[in-house]
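Below is one structure; the comments refer to it alone.
The values are calculated or read from the model by the stated rules, or taken from the named source; none is laboratory data. Model, not experiment: these values are computed from the prediction. Glycine gets a Cβ as well: all are built from the backbone with ideal geometry, and neighbour counts include every protein chain shown.
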Amino acid sequence: MWDFVRDRRAEIFYDAWQHTYLVVLAVVAATVVAVAIAVIVTRIPRLAAPANALSAIGLTIPALALVGLLLPVLALGSTLAFVAVAFYAVMPVLRNAVVGLQGVDATLLESARGMGMGELATLARIRIPLAWPVILAGVRTSTQMSMGIAAIASYALGPGLGGFIFTGLAQNGGKNAMNYALVGTIGIVVMALILDGLLLALGRATISKGVR
Amino acid sequence: MTSTNTVADETPATAAGSVSGAEIRLDGVTKRYPGQREPAVGELSLTIPAGEIVMFVGPSGCGKTTSLKMINRLIEPTSGSITIDGEDIRKQSADDLRRQIGYVIQGGSLFPHMTVGRNIALVPRLLGWDRAETRQRVDDLLDLVGLDPDAYRDRYPRELSGGQQQRVGVARGLAADPPVILMDEPFGAVDPITRQRLQDELLAIQRELHKTIVCVTHDIDEAIKLGDRILILKEHAEIAQYDTPDAILAAPADEFVEDFVGSGAALKQLSLSRVTDVELSRRTTARVGELTSEVILRAQENGDNAVVILDERNRAVAWRFLRQLRRHEKVVGGDRESLVTVDQRATLNDALDTMLVSGHGGAIVCGDRDRYLGVIDFHAVTDFIEQVGEA
């Protein structure tokens, strides 16, 4: 095992980096989209229930099936992997963003309005900062989940550590099968833990002391 | 007991300082909600004079809050017009209008993720004030509401007590120096002693600033204490009576007002008489840092068994018996926040309350910005009641 890792050190680091990079990009994009949808949904209360239902249903679509569904639209490769990962990443963030934005005290919003803050100022200065701890919790869930899903995306020739796992599966019974699968899996877990730590630090830096 | 004219005599128009408030005029203002046969507010017409505190009172659901919120367009009237200083409030955008009207609601409603300083600075920032000016304003306002700027500027709301949060709420309402301030049950969420203190502070602030303040309350005693005028509303915001507290207590317009004001109107007159109406007694005072032996000598000459201790800004910080003083060589300060005092504008009712808990048979009276004025004791109050009774 140790020799296996040492021989492929460069490849492993490169794939781990690619894997993480894909997930970070996808989660950032997903967060922007999810918060935007949540803002719209919370403006129009009738949309809240359908949005929650859709995000729940979205999560039940098997990842491989989604890759299949996307194939006619996108060629195999990084873009497809990115879209697939981002699709799943939206769901937890969306759900938390809706809950977080709805949870902002109505009297605070009225008081903001009464002070002459417009819609945008209220959103940027009051609603999102107050919902931020909840949104960020969604981002953490989303990131953990995406690390796993990104492994499957490499089935669609996307980048990342998933390649090791699939190679291991394909060589089942072979000398290095177990090593491939283990390196892929452990690599993903380690990178996921590192990302989670970074997100925690981000929370410390961006969540106001007044609401922590 | 005849009515005293103290409130009328002290209306801001005749008091020192210029009026910075603006007149508000409501003309045939009506608010109907779809699906409701009766209007929430029906044809309300009234003039709120510049520089006065007008209290809106009435049973719940009478439309007092709706009427208030129509002034800053949080609720748009169905018909009728509202003018501030002669200008129709629909002339400018709702946001611009609201930046010129202070808005204070129950509990202060501070934004929990912003520091006290940023909460207060919100409207000045919306109005594009420069940084230094805003910072200075925040410190001035914190000082005005009795919070030390250096200690409180950078705290978060949750680190403050309910009363302190409400003070910051008032400071935030005053931030951009608006001519008109709307208050919706401002002191409803704090305990009675804190409420009394906050009311006194509001009166002290008003004495300096002379804003036009419209304040909704369900508490008739609060209305009598704070209001230059009281508007008593029935259902659908129909005016039952709109007059000075004196006039309402002396001559309720009808049975509704009589019931609303409640029994004990004679006792409520105590709520109309202010601490300024009675003679304050002088007590021995001492500065923080003075030699205890000298202070005690002075107190014994005056025949006092306790000494009022003042800080460098003439604010009372403690009221100590001589035996307590003897423990230190020099006079030490105390926690001003925990010393219970009454404002000179406080009612005799409140003063009696405070005297009962003080243990000194009296209460420390303070004026603007908590400046020490003297001590009110039971004798002074009973003498005053006798005088009024004989008159």
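Return the residues of the range B:356-366 that are within 18 Å of B:Thr284 (Cα to Cα) and touching a residue at least 12 places away in the same chain (Cβ under 8 Å); say none if nothing qualifies. Step through it out loud before you land on a result.
So in the range B:356-366, the residues within 18 Å of B:Thr284 (Cα to Cα) come out as B:358-366.
Residues satisfying the conditions are B:Ser358, B:His360, B:Gly361, B:Gly362, B:Ala363, B:Ile364, B:Val365, B:Cys366.
Out of curiosity, is B:Ala121 crowded, with 16+ Cβ neighbours inside 10 Å, more than 7 Å from chain A (Cβ to nearest Cβ) and not in a loop (DSSP other than H, G, I, E, B)? Working first, answer last.
Details: crowded, with 16+ Cβ neighbours inside 10 Å: yes; more than 7 Å from chain A (Cβ to nearest Cβ): yes; not in a loop (DSSP other than H, G, I, E, B): yes.
For B:Ala121, the condition - crowded, with 16+ Cβ neighbours inside 10 Å, more than 7 Å from chain A (Cβ to nearest Cβ) and not in a loop (DSSP other than H, G, I, E, B) - is met.
Among the residues of the range B:84-127, which ones are of a type outside the set (Gly, Ala, Ser) and touching a residue at least 60 places away in the same chain (Cβ under 8 Å)?
Across the range B:84-127, the qualifying residues are B:Ile84, B:Asp85, B:Arg99, B:Gln100, B:Ile101, B:Tyr103, B:Val104, B:Ile105, B:Gln106, B:Leu110.
Name the single residue, out of those in the range B:335-391 being under 18 Å from the mean Cα position of the chain (by Cα) and in a loop (DSSP other than H, G, I, E, B), that is nearest to B:Leu270 (Cα to Cα).
By that ranking, first place goes to B:Ala346.
Are there any helices (runs of 4 or more DSSP H) wholly within the range A:58-139 with 1 or more residues that are farther than 25 Å from B:Asn72 by Cβ, and if so which?
A:63-70, A:78-102
Would you call B:Gly128 of a type outside the set (Phe, Trp, Tyr) and within 14 Å of chain A (Cβ to nearest Cβ)?
Details: of a type outside the set (Phe, Trp, Tyr): yes; within 14 Å of chain A (Cβ to nearest Cβ): yes.
So B:Gly128 passes the test.
Regarding A:Gly203, is this residue within 14 Å of chain B (Cβ to nearest Cβ), surrounded by 18 or more Cβ atoms within 10 Å (Cβ to Cβ) and under 30 Å from B:Glu159 (Cα atoms)?
So A:Gly203 fails the test.
Pick from the range B:155-202 the residues that are among the charged types (D, E, K, R), modelled with pLDDT of 90 or more and touching a Lys or Arg at 6+ places or on another chain (Cβ under 9 Å): which of them is farthest from B:Ile71 (Cα to Cα)?
Applying the filter and picking the extreme gives B:Asp177.
Tell me which residues, restricted to the range B:53-109, are over 25 Å from B:Gln165 (Cβ atoms), part of a loop (DSSP other than H, G, I, E, B) and within 11 Å of chain A (Cβ to nearest Cβ).
Hits for the range B:53-109 are B:Arg73, B:Ile75, B:Gln92, B:Ser93.
How many residues does the range A:155-212 hold that are of a type in the set (D, E, K, R) and part of a helix (DSSP H, G or I)?
2
So, in the range A:127-145, of the ones that are more than 14 Å from chain B (Cβ to nearest Cβ) and either among the aliphatic types (A, V, I, L, M) or touching a Cys at 6+ places or on another chain (Cβ under 7 Å) (or both), which residue ends up surrounded by the fewest Cβ atoms within 10 Å (Cβ to Cβ)?
Within the range A:127-145, the subset more than 14 Å from chain B (Cβ to nearest Cβ) is A:137-145.
Cutting the leftovers down to either among the aliphatic types (A, V, I, L, M) or touching a Cys at 6+ places or on another chain (Cβ under 7 Å) (or both) gives us A:137, A:139, A:145.
On the way: A:Ala137: 17, A:Val139: 25, A:Met145: 19.
So the residue we want is A:Ala137.
Quick one: in the range B:136-148, of everything that is touching a residue at least 12 places away in the same chain (Cβ under 8 Å) and over 19 Å from the mean Cα position of the chain (by Cα), which residue is farthest from A:Val211 (Cα to Cα)? Walk me through it before giving the result.
Narrowing the range B:136-148 to residues touching a residue at least 12 places away in the same chain (Cβ under 8 Å): B:137-139, B:141-147.
With over 19 Å from the mean Cα position of the chain (by Cα) added as a condition, the list becomes B:137-139.
Values: B:Arg137: 26, B:Val138: 22, B:Asp139: 24 Å.
Filtering the range B:136-148 for residues that are touching a residue at least 12 places away in the same chain (Cβ under 8 Å) and over 19 Å from the mean Cα position of the chain (by Cα), the one farthest from A:Val211 (Cα to Cα) comes out as B:Arg137.
What's the number of the only condition in (1) surrounded by fewer than 16 Cβ atoms within 10 Å (Cβ to Cβ); (2) out of contact with any helix residue (DSSP H, G or I) (no Cβ under 7 Å at 6 or more places or on another chain); (3) away from every other protein chain (no Cβ under 14 Å) that A:Ser78 fails to meet?
Unmet condition: (1).
In the range B:143-211, which helices (runs of 4 or more DSSP H) lie fully inside it and hold 2 or more residues that are of a type in the set (Gly, Ala, Ser)? I'd like the intermediate steps shown before the answer.
Numbers: elements: B:149-152, B:162-174, B:192-209.
Hits in the range B:143-211: B:162-174.
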